[in-house]
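Trainee: Okay, here's the structure, questions in a sec.
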Amino acid sequence: MLFPATIAGSLPKPSWLAEPDRLWPQWRLQGADLAQGKLDATLVAIKLQEDAGLDIVCDGEQSRQHFVHGFVEFVDGIDFAHKVEMGIRGDRYKAMVPVVRGALKLKGRVHQAEARFARAHTQRKLKMTLPGPMTISDTVADEHYGDKVKMAFAFADLLNQEARALEADGVDVIQFDEPAFNVFMSEVPSWGIEALHRAIEGLTCTTAVHICYGYGIKANIDWKNSLGNEWKQYEEIFPALARSRIGQVSIEAINSRVPLKLMSLLEGKDVLIGVIDVATDTVETPEQIVQVIGEVMKFVPKERIVACTNCGMAPMHRDVANAKLVALGQGVALARKKFA
Ligand code: ZN
């Protein structure tokens, strides 16, 4: 089947579970109610994706407050009680981050509950996302390893442990989110990809990496506006990704200033192309989605194109996100007719 449809990973949470329209929402439930609420929201997220006609569904990241901290809160050796302010993503914005104070070790399973629950309630292919080692290392302060690369590989070992367990839970696709890959471009070929290789070691399921220019929040929009008309950052990292053992690369396409021809540098990879813009509430038409797929087909063989969102939809309004899921399903249906 051409153009299987999926999402980058996150969906907005229901307002009974967490504060709406926030990137760092506070939970509205506690204890056992929170645990059950996360699973209930997972079921809703899966149903909405299935009804929209998506082929590879996700848990919508309903069980995590934030895509990085949802992982690191399960890691021992990190002090969450005394967060420090740090410039992240090359100082694009400041965030209060936890501090690594000892050797890193998983406290236990990270996403077992939602992965098994999702697996039990969908017949479709299931994707789970994890933050990538470079991005995690850029989102915590280090008081222990004294070396960012060494710390990133320590995180990669833990990611590998969880990824293998997710595969055993029946997950079909494991995706690592590496927005830091377009901030530290020179470090991607020198160690970023090797850290990802460590994270996927021993996996037989499909593996993916999502790189992007970030959510549609103000700090990102300002940064994007400073980058000029043509974003060529990926020119440095795509050849290295093409040589890597990662199966799929997820990048934005619609309304992006990344020249689509750069995608030809990803030869041999499945490319998850963003046909849904997460930085605008305007819902795409199926025709617009077909047009983006047609443009990308000039540079990527159609058999390797997966239709996706540009990035996570966590901070969006729920009704808008849902309308965009529906548009995605309709767009790929139309594209299959047109490009069969
Ligand atoms: Zn993203």
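Trainee: If we keep just the residues of the stretch 237-255 that are surrounded by 15 or more Cβ atoms within 10 Å (Cβ to Cβ) and more than 17 Å from the chain's Cα centre (by Cα), which is nearest to Ile276 (Cα to Cα)?
Mentor: Among residues in the stretch 237-255 that are surrounded by 15 or more Cβ atoms within 10 Å (Cβ to Cβ) and more than 17 Å from the chain's Cα centre (by Cα), the one nearest to Ile276 (Cα to Cα) is Asn255.
Trainee: Within the bounds of the stretch 255-269, is there any residue that is closer than 30 Å to Asn322 by Cβ, polar (S, T, N, Q) and either in contact with a Phe, Trp or Tyr (Cβ under 6 Å, 6 or more places away or on another chain) or modelled with pLDDT under 95 (or both)?
Mentor: yes
Trainee: Tell me, yes or no, whether the stretch 270-281 has at least one residue that is in a helix (DSSP H, G or I) and free of Cβ contacts under 8 Å to residues at least 60 places away in the same chain.
Mentor: No: zero hits.
Trainee: Give just the number: which of (1) free of Cβ contacts under 8 Å to residues at least 60 places away in the same chain; (2) buried (at least 16 other Cβ atoms within 10 Å of the Cβ) does Ser190 not satisfy?
Mentor: If we test Ser190 against (1) free of Cβ contacts under 8 Å to residues at least 60 places away in the same chain; (2) buried (at least 16 other Cβ atoms within 10 Å of the Cβ), just (2) comes out false.
Trainee: Do you know which of the residues in the stretch 301-330 that are within 23 Å of Ala208 (Cα to Cα) and more than 21 Å from the chain's Cα centre (by Cα) is surrounded by the most Cβ atoms within 10 Å (Cβ to Cβ)?
Mentor: Lys302
Trainee: So which of Leu130, Leu159, Leu106 ends up being within 16 Å of the ligand (Cβ to nearest atom) and touching a Phe, Trp or Tyr at 6+ places or on another chain (Cβ under 9 Å)? Lay out the reasoning, then the answer.
Mentor: On the way: Leu159 fails: within 16 Å of the ligand (Cβ to nearest atom); Leu106 fails: within 16 Å of the ligand (Cβ to nearest atom).
The unique qualifying residue is Leu130.
Trainee: Considering only the stretch 1-15, how many residues are of a type in the set (Val, Ile, Thr) and assigned to a loop (DSSP other than H, G, I, E, B)?
Mentor: Number satisfying all stated conditions: 1.
Trainee: Quick check on Arg336: is it under 25 Å from Gly60 (Cβ atoms) and either away from the ligand (no atom under 16 Å from the Cβ) or touching a helix residue (DSSP H, G or I) at 6+ places or on another chain (Cβ under 6 Å) (or both)?
Mentor: Against the criterion (under 25 Å from Gly60 (Cβ atoms) and either away from the ligand (no atom under 16 Å from the Cβ) or touching a helix residue (DSSP H, G or I) at 6+ places or on another chain (Cβ under 6 Å) (or both)), Arg336 qualifies.
Trainee: Please determine, by comparing only the residues of the stretch 232-252 that are within 14 Å of the ligand (Cβ to nearest atom) and hydrophobic (A, V, I, L, M, F, W, C), which one is farthest from Asp157 (Cα to Cα).
Mentor: Ile251
Trainee: Determine whether the stretch 16-36 contains at least one residue that is surrounded by fewer than 23 Cβ atoms within 10 Å (Cβ to Cβ), assigned to a loop (DSSP other than H, G, I, E, B) and on the phi > 0 side of the Ramachandran plot.
Mentor: yes
Trainee: Test each condition in (1) more than 15 Å from the ligand (Cβ to nearest atom); (2) in contact with a helix residue (DSSP H, G or I) (Cβ under 7 Å, 6 or more places away or on another chain) for Thr282 and report the one that comes out false.
Mentor: The single condition Thr282 does not satisfy is (2).
Trainee: Scan the stretch 224-241 and tell me whether some residue there is assigned to a helix (DSSP H, G or I), under 30 Å from Val84 (Cα atoms) and touching a residue at least 60 places away in the same chain (Cβ under 8 Å).
Mentor: The first filter runs over the stretch 224-241 and keeps only residues assigned to a helix (DSSP H, G or I), leaving 224-225, 234-241.
Within this subset, residues satisfying the condition of being under 30 Å from Val84 (Cα atoms) are 224-225.
Right, trim to touching a residue at least 60 places away in the same chain (Cβ under 8 Å) and you get none.
No - not one qualifying residue is present in the stretch 224-241.
Trainee: Here's another thing I want to ask about it. I'm told Trp27 meets every condition in (1) more than 16 Å from the ligand (Cβ to nearest atom); (2) touching a helix residue (DSSP H, G or I) at 6+ places or on another chain (Cβ under 7 Å); (3) in contact (Cβ under 8 Å) with a residue 60 or more places away in the chain except one. Can you identify the failing condition by its number?
Mentor: (3)
Trainee: Now for a separate question. Every residue in the stretch 165-209 that is of a type in the set (Phe, Trp, Tyr), within 16 Å of the ligand (Cβ to nearest atom) and modelled with pLDDT of 95 or more, please. Don't jump to the end; show me each part of the working.
Mentor: Step one: list which residues in the stretch 165-209 are of a type in the set (Phe, Trp, Tyr), which gives 176, 181, 184, 191.
Narrowing the set further to residues that are within 16 Å of the ligand (Cβ to nearest atom) leaves 176, 181, 184.
Of everything in the stretch 165-209, just one residue is of a type in the set (Phe, Trp, Tyr), within 16 Å of the ligand (Cβ to nearest atom) and modelled with pLDDT of 95 or more, namely Phe176.
Trainee: Considering only the stretch 256-269, state which residues are more than 15 Å from the ligand (Cβ to nearest atom) and surrounded by fewer than 20 Cβ atoms within 10 Å (Cβ to Cβ).
Mentor: Arg257, Pro259, Leu260, Lys261, Leu262, Ser264, Leu265, Glu267, Gly268
Trainee: Still on this structure: Between a residue in the stretch 306-320 that is farther than 14 Å from Glu284 by Cβ and any residue that is away from the ligand (no atom under 16 Å from the Cβ), which pairs come within a Cβ distance under 6 Å, given they are 6 or more apart or on different chains?
Mentor: From residues that are farther than 14 Å from Glu284 by Cβ, the pairs are Val306/Pro4; Val306/Asp270.
Trainee: Another question, if that's okay. Out of the stretch 12-24, which residues are in contact (Cβ under 8 Å) with a residue 12 or more places away in the chain and not aliphatic (A, V, I, L, M)?
Mentor: Pro12, Lys13, Pro14, Ser15, Trp16, Pro20, Asp21, Arg22, Trp24
The values are calculated or read from the model by the stated rules, or taken from the named source; none is laboratory data. From a predicted model like this one, the values you see are computed outputs, not experimental measurements. Positions of Cβ are generated from backbone atoms using ideal geometry, with glycine treated the same way; all protein chains shown enter the neighbour counts.
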